[in-house]
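Below: the structure, in structure tokens.
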Amino acid sequence: MSYFLNLVFAGLAVGAIYGMLAMGYAIIYKVSRVVNFAQGEIMMLIGYISYSVALRTDASAPLVMLSVIAGAIGVGLLIERFIVRPMLGQPVFSLVMMTIALAVMIRAVVGLIWGLDPYRFPGSATGAPIELFGVYMQPIQLFLLAVYVALCVGVWAFLRFNIVGIAMRATATDSTVSLLMGVSVSRLYRVAWIISALIAGIAGVLFANIYHIGPDLAHVGIRAFPAAILGGLDSVLGSALGGLIIGVVENLAGGYIASAYKEIAGFVVILVILMIRPYGLFGQKDIERV
Amino acid sequence: MLSQAPLNADLHVVNAQVLYDGVVEAVRDVSFSVDAGRIVCLLGANGAGKSTLLKAISGILGPEKGALTKGSITFAGKGLTALSSDGIVRKGIVQVPEGRRLFVNLTVEENLLMGGFTVRAAERAVRLESVYSLFPDLTDHRHRVAGYLSGGQQQMVAIGRALMSSPSLLMLDEPSLGLAPKIVEQIFAAISSLRDSGDIAILLVEQNARLALTISDYGYVLERGRVVFDGDAATLLGSPEIQEFYLGLDQSAGRKSLRDVKHYRRRKRWLA
Ligand SMILES: Nc1ncnc2c1ncn2[C@@H]1O[C@H](COP(=O)(O)OP(=O)(O)OP(=O)(O)O)[C@@H](O)[C@H]1O
Ligand SMILES: [Mg+2]
């Protein structure tokens with residue numbers, strides 16, 4: 001039993017990271033129908049930026065946090081300006097291809113600047129684990145889960161009560177009418193890319209603090225992708241929940257079957273779920289318009 | 001907002017030509033004007049180019065690969081053609097699109113708030129209450145998902161949504177489409193009371209010519225992308241050509257919608 005619970009808890013912790021990345025996928029997809037295949041790379045890039053800041057500032061927590069925010073805004077703005085905006089009016093598919101190119105580019109740039117070896121994140125907490133009902137929890141894992149919950153609540157409230165958040169949902173339903181309401185769609189895309197980069201950056205720093213900072217952070221993006229599909233690509237909170245599910249399933253598969261199954265378990269789950277619910281657990285079925 | 005509206009909030013479309021895909025000419029050499037405090041209607045059968053004109057004014061032809069290729073559109077003395085669609089809304093021009101096009105999975109209130117996207121939050125709250133007082137029926141449904149409302153209620157939301165930004169020019173694309181006569185009457189009463197309330201100019205696109213002319217001050221008739229008649233509403237209602245072709249009053253005295261007239265004409269063409 002405690003083996004099972006430990007697996008579940010560890011799954012939740014890694015699932016929270018997946019969930020955050022998946023929220024980023026969903027936010028961008030929601031407003032623009034674009035799947036951003038560079039999500040994991042953006043997480044890695046911002047992770048590295050904050051790593052450099054941590055190195056030079058003796059791991060000052062406020063400065064690391066600030067660097068995540070500044071990094072996310074910078075990355076989001078650059079991508080919107082140089083990749084998304086020039087592609088406006090082009091088929092969505094072309095932009096999706098551009099995000100794949102972007103992913104390759106970020107990986108190359110990160111490799112050039114920081115090299116290919118993983119590092120320990122400066123000041124990463126190695127506090128004694130807390131034991132509860134036989135489950136061992138690192139304080140940083142608990143912190144991660146708290147951040148995950150806070151982000152979910154924050155994003156939910158933003159989409160529900162903030163006019164820009166409402167505009168994102170409106171644009172997902174009918175982008176032409178959003179234009180008629182005076183929404184500047186390019187400004188909306190900018191906000192979406194920044195929020196998505198911000199959440200990815202937070203996930204990146206937490207990941208780096210729990211494990212390490214290295215080029216393999218980018219792979220987390222691919223592992224998180226099933227989470228977004230599972231939750232419904234246009235449902236931000238659904239995607240966040242999908243992350244937890246994928247994390248737990250992966251860990252259980254790794255713990256009870258064989259660690260080799262860990263990587264594919266998430267994809268098996270979406271295969272099954274998509275057969276039953278083609279739009280994911282919480283996805284909106286497109287409403288036909290005449 | 002209203003107090004800042006320029007006194008001469010008139011719309012002038014001059015010699016407009018609109019092409020889709022660079023070749024399909026949907027509007028050809030069309031000119032018309034709408035003055036503040038008046039309802040002007042654009043009449044015409046399916047495909048006449050009415051919606052295209054409204055899209056050109058709102059600056060949303062781009063996503064449909066359309067473009068204003070000749071002519072000019074000015075509002076309150078300033079050209080609109082260089083503005084983006086959100087800039088045009090900020091100038092005070094709003095349209096209620098054909099088929100209502102509510103954000104179906106947002107609530108009624110969220111739909112209305114979206115209409116006030118360009119105004120400040122405090123102003124938005126004030127406008128919200130005034131829309132509820134114009135359409136009291138909506139108050140009970142404010143937290144319902146808009147897609148589940150009846151057609152008439154949806155049209156009220158669509159008009160209310162457009163009014164949220166206190167427009168100086170309100171454009172309505174076939175507000176009577178698919179609604180029961182009783183509801184249409186209600187909607188049209190609301191439209192004419194808006195005009196009577198003052199500073200707003202209204203451009204009304206309709207297939208239901210008789211109904212539109214009864215509340216309009218002036219009318220233009222479009223046919224295959226060109227203006228073929230224009231005149232005071234009363235003149236148009238009385239003119240024999242209009243009566244025959246657009247009001248369907250020649251042989252049968254009964255009311256016919258333009259759609260019927262059009263089918264009748266098409267049948268005639270096939271028979272010929
Ligand atoms: N996106 C488009 N691409 C190409 N042609 C179009 C497009 N939209 C409209 N058209 C054409 O332009 C012409 C005018 O269309 P428009 O929608 O403006 O007519 P309308 O007067 O609003 O008709 P209805 O009463 O049916 O709404 C039609 O011949 C139509 O086929
Ligand atoms: Mg039309």
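The values are calculated or read from the model by the stated rules, or taken from the named source; none is laboratory data. The structure displayed is predicted, hence computed values, not measured ones. Glycine also receives a Cβ, built like all others from the backbone with ideal geometry; neighbour counts cover every protein chain displayed. Please note that ligands, DNA and RNA were not included when accessible areas were found on the heavy atoms of the full protein model with its side chains. Shrake-Rupley method; radii C 1.70, N 1.55, O 1.52, S 1.80 Å.
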Inside the stretch B:66-101, can you point out the residues that are part of a loop (DSSP other than H, G, I, E, B), at the interface with chain A (Cβ under 8 Å from one of its Cβ atoms) and open to solvent by less than 50 Å² (accessible area, probe 1.4 Å)? B:Pro97, B:Gly99
Among the numbered criteria (1) modelled with pLDDT under 90; (2) not in a helix (DSSP H, G or I), which one does A:Pro215 miss? (1)
Taking the condition of being in contact (Cβ under 8 Å) with a residue 12 or more places away in the chain, open to solvent by 30 Å² or more (accessible area, probe 1.4 Å) and over 21 Å from the mean Cα position of the chain (by Cα), how many residues in the stretch A:138-169 meet it? 2
Go through the stretch B:19-42 residue by residue and tally those that are in contact with a Gly (Cβ under 6 Å, 6 or more places away or on another chain) and either more than 9 Å from ligand 1 (Cβ to nearest atom) or among the β-branched types (Val, Ile, Thr) (or both). 3
Can we say B:Glu129 is closer than 20 Å to A:Ile166 by Cα, free of Cβ contacts under 8 Å to residues at least 24 places away in the same chain and more than 9 Å from every other protein chain (Cβ to nearest Cβ)? yes
Any residue at all in the stretch A:119-131 that's open to solvent by less than 70 Å² (accessible area, probe 1.4 Å), closer than 28 Å to A:Leu12 by Cα, more than 14 Å from chain B (Cβ to nearest Cβ) and part of a helix (DSSP H, G or I)? no
Could you say whether any residue in the stretch B:242-261 is in contact with a helix residue (DSSP H, G or I) (Cβ under 9 Å, 6 or more places away or on another chain), open to solvent by 80 Å² or more (accessible area, probe 1.4 Å), away from ligand 1 (no atom under 16 Å from the Cβ) and at pLDDT 90 or above? no
Take B:Ala16 and decide whether it is open to solvent by 10 Å² or more (accessible area, probe 1.4 Å) and either modelled with pLDDT of 95 or more or in the same structural domain as B:Ala158 (by TED's automatic domain parsing) (or both). no
Check B:Gly178, B:Gly225, B:Gly238, B:Gly198 and return the single one that is within 14 Å of chain A (Cβ to nearest Cβ) and surrounded by fewer than 23 Cβ atoms within 10 Å (Cβ to Cβ). B:Gly178
Could you tell me which numbered condition B:Thr52 fails, if it satisfies all but one of (1) within 19 Å of B:Ser166 (Cα to Cα); (2) of a type in the set (Ser, Thr, Tyr); (3) near ligand 1 (Cβ under 9 Å from one of its atoms)? (1)
Select from the stretch B:33-62 the residues that are within 16 Å of ligand 2 (Cβ to nearest atom) and within 10 Å of another protein chain (Cβ to nearest Cβ) and list them in ascending order. B:Leu54, B:Lys55, B:Ser58, B:Ile60
